[in-house]
Amino acid sequence: MANSNSTPRIKPRLLRDALGNFATGVTVVTYDNNGVPAGITVSSFTSVSLDPALVLVNLHKNSKAAERLDGKPFTINVLSNDQLPIAMQFAGGDQEDVTVDWDNFGIAPRFAQAHAYYTCRPWATYDGGDHIILVGEVVDYHSDTESDPLVFHQSRFKEIR
């Protein structure tokens, strides 16, 4: 049996590069920030349970969204392959010409033209190292089968065609 002290130290940047080989969808998690729709681009999203209907996203602990989302409803907007400018805008990029059409029906703001969306009530929050794991109960959803999703792979946005 190997001694746990002999385990090599994981190098975060190399691990990040290796994890980047897993292609993910691109989402923007949106929420109400004192009456103003706000959001953050997130690629770490997955389903958890169908009964009850639960999904999760991971947010860096130091992000403004992690603090602002505490206990609030939120919507996970899955972006289509023509929405890269929106992904960049909510990732902190400078996209001054990007206009987002908001649909404020329900308990949390959402994009009117998302590839799919999942509006959630907060269910649980867990410590995930340098991230928080935010689990939401899906109370409303929609999926567009006509468009293709935007994906993130090897630190680059890509389109599926």
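The values are calculated or read from the model by the stated rules, or taken from the named source; none is laboratory data. Source: prediction; values computed, not measured. Cβ: placed from backbone, ideal geometry, glycine included. Neighbour counts: every protein chain shown. Just the protein is used for accessible areas: all its heavy atoms, side chains included, with ligands, DNA and RNA removed. Shrake-Rupley method; radii C 1.70, N 1.55, O 1.52, S 1.80 Å.
Across region 68-77, the qualifying residues are those that are modelled with pLDDT of 90 or more and open to solvent by 20 Å² or more (accessible area, probe 1.4 Å), and the one among them that is nearest to His142 (Cα to Cα) is Pro73. Scanning region 119-155 for residues that are open to solvent by 30 Å² or more (accessible area, probe 1.4 Å) and polar (S, T, N, Q) yields Thr125, Ser143, Thr145, Ser147, Gln154, Ser155. Looking across region 109-161, the residues that are in a loop (DSSP other than H, G, I, E, B) and either polar (S, T, N, Q) or touching a helix residue (DSSP H, G or I) at 6+ places or on another chain (Cβ under 7 Å) (or both) come down to Gln113, Thr145, Ser147, Gln154, Ser155. Scanning region 64-76 for residues that are in a strand (DSSP E or B) and out of contact with any Ser or Thr (no Cβ under 6 Å at 6 or more places or on another chain) gives a single hit, Phe74.
Can you tell me how many residues in region 78-97 are hydrophobic (A, V, I, L, M, F, W, C), in a loop (DSSP other than H, G, I, E, B) and either open to solvent by less than 30 Å² (accessible area, probe 1.4 Å) or within 19 Å of Arg121 (Cβ to Cβ) (or both)?
Within region 78-97, the first condition is being hydrophobic (A, V, I, L, M, F, W, C), and the residues that meet it are 78-79, 84, 86-88, 90-91.
Pick out the ones that are also in a loop (DSSP other than H, G, I, E, B) and you get 79, 91.
Applying the additional criterion that residues be either open to solvent by less than 30 Å² (accessible area, probe 1.4 Å) or within 19 Å of Arg121 (Cβ to Cβ) (or both) yields 79.
Selection size over region 78-97: 1.
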